[in-house]
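Structure first, then comments.
No lab work stands behind these numbers, since they all come straight from the coordinates. Please read these numbers as outputs of a predicted model, since none were measured by experiment. Cβ: placed from backbone, ideal geometry, glycine included. Neighbour counts: every protein chain shown.
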Amino acid sequence: MATSKNDLVSISEASEALKVSIDTIRRWEKKGLIKATRDETGHRYFNRKELSQLQEKTQGKGDVGYKILKRKSPTKFKVVELFAGCGGLALGMEHAGLKCELLVEIDKKAAETLKTNRPKWNVIADDIANVDFTNIKADVVAGGFPCQAFSYAGKRMGFEDTRGTLFFEFARAVKEINPKVVLGENVKGLEKHDNGRTLTTMLGVLDELGYKVAYKVLRAQYLDVPQKRERLVIIGVRKDLNFEILYPKEKNYTVSIGEALKDVPPSEGQVYTEKKRKIMKLIPQGGYWKDLPDALQREYMGASYFLGGGKTGMARRLSNDEPSLTLTCNPAQKQTERCHPIETRPLQVREYARIQSFPDSWKFSGSTASQYKQIGNAVPVNLGYHIGSAIVAMLEKDFKNSNFLNL
Ligand SMILES: C[S@@+](CC[C@H](N)C(=O)[O-])C[C@H]1O[C@@H](n2cnc3c(N)ncnc32)[C@H](O)[C@@H]1O
């Protein structure tokens with residue numbers, strides 16, 4: 001969605017319009033609940049609509065309990081899951097009532113995770129480039145293709161020109177299966193990747209294959225996931241069907257880590273060195289390196305101490321009463337530390353899984369590092385459920401359903 005200049009307000013205008021203090025807006029920004037854009041002179045501006053949505057949410061029901069969402073009965077609709085990973089999106093789709101007809105995943109450990117948890121799923125543990133989809137029938141083709149640049153050589157890229165990329169393999173599966181609905185999932189950064197050309201090409205290729213397409217950035221923290229995580233979601237519908245495109249509507253509440261980690265079973269996890277533990281012990285909930293005494297800040301940050309930017313992910317301890325910051329492939333990376341809110345240690349594997357809304361019964365294969373990676377790469381299961389539910393409503397032609405946004 002494009003932002004016009006009129007949508008932007010200064011911090012004092014925002015404070016006046018919303019009747020909240022400047023400090024409150026600063027706090028929202030520090031917590032990552034809202035992002036400011038800066039002009040050439042370094043002044044901060046906020047998006048008016050986002051601010052009022054946020055205010056509505058903070059005045060809404062606030063934090064609600066953690067639950068894994070599931071439709072009561074299955075539907076007749078079938079989905080093919082490409083780049084399936086450890087099954088976050090696939091399980092979310094299943095919870096929304098879709099049947100997983102076929103899954104493709106190159107990583108042996110992630111594929112083993114899928115097979116262990118769902119022995120009846122048809123999992124192909126291979127490079128997607130080796131898979132022939134011509135005899136597959138499904139209502140939906142879904143997949144989070146890894147983002148790669150296209151090499152343009154000055155021309156507009158069509159389907160055949162994207163050959164050699166993973167997006168091409170995704171598009172080839174769409175061409176061969178010809179489903180009613182296509183779902184592409186990616187990082188938010190895809191919107192700006194190569195100045196927007198990568199996304200424009202992808203949307204153009206899906207259009208060429210006969211799909212009406214839309215995209216939207218979904219924020220998991222407002223869709224029953226105890227984590228701030230943004231994903232760009234492309235939905236395409238076959239042009240001959242006259243379907244409307246539906247997206248999940250954000251809720252006016254969030255789920256905190258404290259709720260999500262209640263009674264979490266103990267599990268494997270990375271450990272800090274004694275030196276790191278001593279540093280992290282000094283950080284309060286929601287705090288980061290700036291909460292250390294100056295001498296320790298200098299020691300811990302090294303050269304980064306003198307560089308600009310907030311670096312709010314460094315030496316970060318999560319806060320029990322908020323959704324988690326985005327999980328990455330490792331909970332103890334220097335730039336994106338994810339220390340447990342109360343204990344002085346990195347989040348454990350099962351805690352990672354809860355924050356991604358995987359049920360405790362979902363087992364992950366491979367080493368601890370591989371498990372963190374599989375979970376960190378996944379679409380949160382509840383986000384998958386909400387997207388899947390929107391797709392089911394589309395397939396059922398329930399276009400006026402007020403649970404969904406009609407784009
Ligand atoms: C972002 S992850 C997908 C996460 C998944 N959607 C989920 O919700 O759990 C991308 C996956 O694509 C897989 N992948 C990368 N290249 C592939 C290829 N050539 N063929 C099949 N899978 C591939 C990776 O191993 C990784 O698991």
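Some observations on this one:
- Residue check for ALA142: within 12 Å of the ligand (Cβ to nearest atom) and small (Gly, Ala, Ser): yes
- Within segment 290-316, the residues that satisfy the criterion of being within 26 Å of the chain's Cα centre (by Cα) and among the hydrophobic types (A, V, I, L, M, F, W, C) are MET314, ALA315.
To keep it simple, each residue is scored yes or no on (1) within 15 Å of the ligand (Cβ to nearest atom); (2) touching a residue at least 12 places away in the same chain (Cβ under 8 Å); (3) surrounded by fewer than 21 Cβ atoms within 10 Å (Cβ to Cβ); (4) part of a strand (DSSP E or B).
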{"residue": "SER151", "(1), (2), (3), (4)": "no, no, yes, no"}
{"residue": "ARG156", "(1), (2), (3), (4)": "no, yes, yes, no"}
{"residue": "GLY164", "(1), (2), (3), (4)": "yes, no, yes, no"}
{"residue": "LEU183", "(1), (2), (3), (4)": "yes, yes, no, yes"}
{"residue": "ARG197", "(1), (2), (3), (4)": "no, yes, yes, no"}
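- In segment 377-390 there is at least one residue matching the filter, namely being over 22 Å from ILE283 (Cβ atoms), under 19 Å from the mean Cα position of the chain (by Cα) and more than 14 Å from the ligand (Cβ to nearest atom).
- Looking only at residues in segment 199-216 that are assigned to a strand (DSSP E or B) and of a type outside the set (Lys, Arg), the one that is surrounded by the most Cβ atoms within 10 Å (Cβ to Cβ) is TYR211.
- Number of positions in segment 329-367 that are closer than 30 Å to ALA303 by Cβ, among the β-branched types (Val, Ile, Thr) and surrounded by fewer than 17 Cβ atoms within 10 Å (Cβ to Cβ): 1
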